[in-house]
Structure formats: structure tokens, C-alpha cells
1. If you go through the stretch 24-38 one residue at a time, do you hit one that is within 16 Å of the chain's Cα centre (by Cα), surrounded by fewer than 16 Cβ atoms within 10 Å (Cβ to Cβ), modelled with pLDDT of 65 or more and in a helix (DSSP H, G or I)?
2. Mind counting the residues in the stretch 173-184 that are in contact with a helix residue (DSSP H, G or I) (Cβ under 8 Å, 6 or more places away or on another chain) and either surrounded by fewer than 23 Cβ atoms within 10 Å (Cβ to Cβ) or at pLDDT below 90 (or both)?
3. Which residues, taken from the stretch 46-83, are part of a loop (DSSP other than H, G, I, E, B) and at pLDDT below 90?
């Protein structure tokens, strides 16, 4: 089932009334197919964001994370048949980060990135939280824009200020999803390691 928020539908309707172009409505089957592709795309980018969070390089991780989110929004738009210039995509994402992301969240993301510059202690502490924050933020950006596009909105009709409460909710949801993904990845690594031990080289006696 495609995810469409009430706030997104309101934004799209207001945009249509004010003369801002809106996307052509999708039939239910097409909408479901596109949403499945979108959810797969969001999950893939969230996992990449988790990896970026583990980067030991302060500030460069933030640059990489922003580039990832910009590309995610661009790809989501393409799924819904919307092509936008790099400037429009960047403006929409930066407006979202500046208007809808809670100040405390922005401070945490920046602080944990800079913390990596502190020898020994910094990187160890940062990699505990930074990957989850990066994954949650990317998840929220993807889900919010997917919902907006699915309801007929475009980047030209996107109003990040009106989406603030919904975005905050998605970030909280994204933290839980990111924690599950990291736990699953950890369990898989343990299982793989155990399998390698079990199937490791066997010393065969030579006569």
C-alpha cells in the first residue's frame, strides 16, 4: 500500500489552487508498483547512509550524506515521472533540512561528525550514534518525498514548513528501522563468521 500523508495531500491541493503544476494522478496498480520500487530505493539509501555514518572523516561524512539524500530525492522524482534540475532538488532538500529538521537533531548530527576529530575517544563514541542518525534522516527524507510525490505533489509544490511534524515523526520511525537494520547486519556478520569457522580449512593427515 502506498504511503500518502494527509499533510502531503493538503500541500498538493493548495499548490493546484495556486497555479503550481502538480503531477498526473496514478491509478492504484501503478501507484502500488511505484511505491514498491520507492521503498526498495529508500531502504538501499538508508543502508548506504548507515555506512557513511561509520566514516572516520569529520564533516566529509556530512557532505557525502547530503549528496546521497539529494540523489535519493532525484531518483524518487524519476519514479513518478518528474525531472528536476539539480538546483531545484538541492533547494528542496536544503529547505527541508533548514525548516523541518528539529534544531536538536541538526546539532547532534553535526556534533557527532566533529567528535570524530578527537583522537581515540571521539571516533569510538561517534560511530555508536552517527550511523543511526544518518540512516534515520535519509529514511525520513525518502519517505516524506515519496509520500508527497505519490499524492500528486512536485518539488515546486513542496512546503517543508508544513511537513515539520510529519518529518519529525518519520525521523523517529527511521531511528527504529535503522536500529533493526544494524542489528540484522550484525547478526548476519556473526552467522557468516561462525560458518567460516565451521567450514574452515581442515588438516588432512598425509600418509
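1. yes
2. The number of residues fulfilling the criteria is 6.
3. Scanning the stretch 46-83 gives 54, 55, 56, 57, 58, 59, 83.
The values are calculated or read from the model by the stated rules, or taken from the named source; none is laboratory data. All of these numbers come straight from a predicted model, not from anything done at the bench. In this analysis, Cβ positions are derived from the backbone assuming ideal geometry, glycine residues included, and neighbour counts consider all displayed protein chains.
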